[in-house]
Amino acid sequence: MESPHSDIVIAPPAGDPTLELREVHKSFGDKHILRGVSLAVQKGQSAVVMGGSGTGKSVLIKHFVQLLLPDQGEVWALGRRVDQLEGDELDRLRLSIGYLFQGSALFDSMTVFENLDFVLERHTRFSKAERAERIYETLEWVNLRQTALQYPAELSGGQKKRVGLARAIILEPQILLYDEPTTGLDPVSVRIVSDLIVRLRDDRGITSIAITHDLLCAEIITDIAFFLHEGRIIERGSYQDLLQSDHPMVREFFGP
Amino acid sequence: MQFRSLLREQPGFLNDVLVRTGDFALFVGEFFNRFWRPPFEGRELINQMDEAGTKSFALTAVTGFAIGIVLSMQSRGTLARFGAEAVLPNMLALSVFKEIGPVITSLVLAGRLGAGMGAEIGSMRVTEQIDALEVAALKPFNYLVVTRVLACVFIFPVLTIWTDVIAMVGGYLESVLSSNMDYRVFIATAFSSLRFSDLIVDTLKTSIFGFIVGIVSCYLGYTVRGGTREVGQAAMQSVVVSSLLILLADVLVVRISLTFFGGA
């Protein structure tokens, strides 16, 4: 009989998940980062992947936009096999997914307005006036209308995150991926960004995965949580389920 | 002996060089696969030509002026020994237009543009801006690499001609100060044996040099992994590698042009 704390692969639930990984393995050289990860997120759910630093959380979500390809396993999003898409099909999927990078990844040679316009101009047939209207609406939504003409270097960390979020949602995606959305922010900014994530789920029905080790953010946004340790999902459930887990690594993460 | 000990101490060194060379070849192949396909990013190409061109005019002007004056000063004494001082403008024009102007201009631009592009794209890589372009289906290769390489290909000959002209102005000023030469005599003598093929071939070879600077700098920036230290190394290597390849390419181009167009 196996120990309850042995490496258990948690199988995804049945149904038709919006986002799914099936037994994904990923290595870089001789470092085996993901060792058979399987998870599923249903439509409209806000999922969180937690774990210590260097456990492969960023590597995990990059598979959903084909920034990385798995060595083994399958990656699914919106009913399509992501790791096998190419060309226009891949572009169409990527346009359905917004991605908020850990450092926001704003284009620093462009103003806030231009950062958003850059995406809109290339992917829509809006007129200049229509694009401006959409941009200001989106900036209003993240409470940053007044920063439109500023450059990223002039913004605070929290403002950069919100502009990054504005750029991620400007094309009204169905899915959002957040890579450490609140890292480096003060508690007030953590709440602001976390509340925005919840609003996106509630107001727009967006399905999302956030990777984070910020407990406050996780507590606010989680519908379903996964705990990643040494390349495997060792626990899954609600935030409270993880908080009450018996697994020693999970307990060590959450502290006393 | 030294090479053997290098391989012993760093057995992966040769492997790394071969891998990197192969990777670079694939990158060049990707450029030729993409540059003629949409998205064409015309506006960004013009931006890059402006960045590379108009902001290099002053630097190349100073370079040209210095080349002209120094070459004229250095050559005058040597030619005077053979009683051939009168052909100085001719010698100056042939040297500047055929070789010194194109090569020196390209090396100077390798320093300015190569370092700038390597650092800029490298910074974008480490701050995930290139990944952001990728996930937004914005084709970062076309937007960042194709535009910059083509800008260099188009701009290098233009700046070379500019440098050459300023070099001749510098040479003329030196001639006026040294021997009070009339400008009509200077111009007539300077261009008396300069052929059209000299101008065309030796100016257009700078398009090849421009391609080298663009593709090497973009490759080194695009493939940065790490942090600010690696970005700095990419910028430095962009200059060094581009400069070396320019000099090697010049040998090849001169050899080929002499074969097809004959000697001076």
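Quick note: the coordinates plus some simple rules give every number you see, no bench work behind them. These numbers were taken from a predicted model, which means no experiment stands behind them. Reconstructed Cβ throughout: ideal geometry from the backbone, glycine too, with neighbour counts over all protein chains shown.
Overall shape: oblate for the range B:2-126, with the ratio a/c of the largest to smallest alpha carbon gyration tensor axis at 1.5 or above and b/c at least equal to a/b.
With r defined as the distance between the Cβ atoms of B:Phe24 and B:Val251 and R0 fixed at 30 Å, what FRET efficiency is calculated, to the nearest 0.05?
Working: r = 20 Å, r/R0 = 0.67.
It comes out at approximately 0.90.
One way to sum up the overall shape of chain B is the equivalent ellipsoid from its Cα gyration tensor, whose semi-axes run 39, 22, 17 Å, largest first.
Close amide-amide hydrogen proximity is noted between A:Gln72 and A:His25, each under 5 Å apart and 5 or more residues distant or on a separate chain (H modeled in the peptide plane; Pro and chain starts excluded).
Given a cut-off of under 8 Å on Cα pairs at least six residues apart, what relative contact order in percent is computed for chain B? Spell out each step's value before the answer.
Working: 320 pairs, mean separation 80.8, N = 264.
This gives 31 percent for chain B.
Phi-derived couplings, Karplus 6.51 cos²θ - 1.76 cosθ + 1.60 at θ = phi - 60°, listed residue by residue for the range A:23-32: 6, 7, 10, 8, 10, 10, x, 9, 9, 8 Hz, with x used for Gly and Pro.
Could you tell me how many degrees, from 0 to 90 and to the nearest 10, lie between the Cα long axis of helix A:157-169 and the main elongation axis, the longest principal axis, of the Cα atoms of chain A? Rounded to the nearest ten degrees, it is 90. Spatial offset of the range A:66-123 relative to the range B:38-65 amounts to 31 Å, using the alpha carbon center of each.
Residue pairs exceeding 22 angstrom between C-alpha atoms, taken from A:Lys62/B:Lys139; A:Lys43/A:Lys161; A:Lys31/A:Lys57; A:Lys43/A:Lys128: A:Lys43/A:Lys161; A:Lys43/A:Lys128.
About its Cα centre, how strong a charge dipole does chain B have in debye, to the nearest 20, once Lys and Arg get +1 and Asp and Glu get -1 at the Cβ? Before the final figure, lay out the partial values.
Details: 20 positive and 21 negative charges, 74 e Å.
Taking the Cα centre of chain B as origin, the dipole is about 360 debye.
Per residue, the convex hull spanned by the Cα atoms of the range B:115-264 amounts to 138 cubic angstrom. Selection among B:Ser197, B:Leu248, B:Phe141 by position relative to the dipole of the protein assembly as shown gives B:Ser197 as farthest towards the positive end (Cβ unit charges, Cα centre).
The amide H of A:Ile33, built 1.01 Å from its N in the peptide plane, has A:Lys26, A:Ser27, A:Phe28 as neighbours under 5 Å, considering only residues 5 or more places off or on other chains.
Taking every eigenvalue of the Cα gyration tensor of the range A:6-152, multiplying by 5 and rooting it, what semi-axes result, largest first, whole Å? Could the numbers behind the result be given before it?
Values: eigenvalues 226, 62, 46 Å².
Listed largest to smallest, the semi-axes of the range A:6-152 are 34, 18, 15 Å.
Principal axis analysis of the Cα atoms in the range A:108-172 yields extents of 32, 23, 17 Å, listed in decreasing size.
Under 5 Å from the amide H of A:Ala210 lie the amide H atoms of A:Ala47, A:Val48, A:Val49, A:Tyr178, each residue being 5 or more positions distant or on a separate chain, with H modelled from the backbone and absent for Pro and chain starts.
How much of the DSSP beta bridge set in chain A is antiparallel, as a percent to the nearest 5?
On the way: 20 of 37 bridges.
Antiparallel bridges: around 55 percent, rounded to the nearest 5.
When N counts the residues of the range A:114-229, how does its alpha-carbon radius of gyration compare numerically with 2.2 N^0.38 Å, as a ratio?
Details: Rg = 14.6 Å, N = 116, 2.2 N^0.38 = 13.4 Å.
For the range A:114-229, the normalised Cα radius of gyration is 1.09.
Beta bridges assigned by DSSP with both partners in the protein assembly as shown are antiparallel in approximately 55 percent of cases.
Take the alpha carbon gyration tensor of chain A, find the square roots of its eigenvalues, order them as a ≥ b ≥ c, and report rounded if a/c is under 1.5; if not, report prolate when a/b exceeds b/c, else oblate. Prolate. Positive end of the dipole of the protein assembly as shown (Cβ unit charges, origin at the Cα centre): among A:Ala210, B:Ile130, B:Thr54, the Cα lying farthest that way belongs to B:Thr54.
Listing A:Cys217, B:Cys218 from fewest to most neighbouring C-beta atoms within 10 Å gives A:Cys217, B:Cys218.
In deg cm²/dmol and to the nearest 500, what is the mean residue ellipticity at 222 nm of chain A if only DSSP H runs of at least 4 residues count, each as -39500 (n - 2.57), divided by the residue total? The partial results should precede the final answer.
Values: 9 runs with 91 residues, N = 256.
Computed ellipticity for chain A at 222 nm equals -10500 deg cm²/dmol.
Along the Cα-to-Cβ line of B:Ser192, 7 Å from the Cα, sits a label point; which residues in the range B:53-89 have backbone N less than 18 Å from it? It comes to B:76, B:79-89, nothing else. Once divided by 2.2 N^0.38 Å, the Cα radius of gyration of the protein assembly as shown becomes 1.24.
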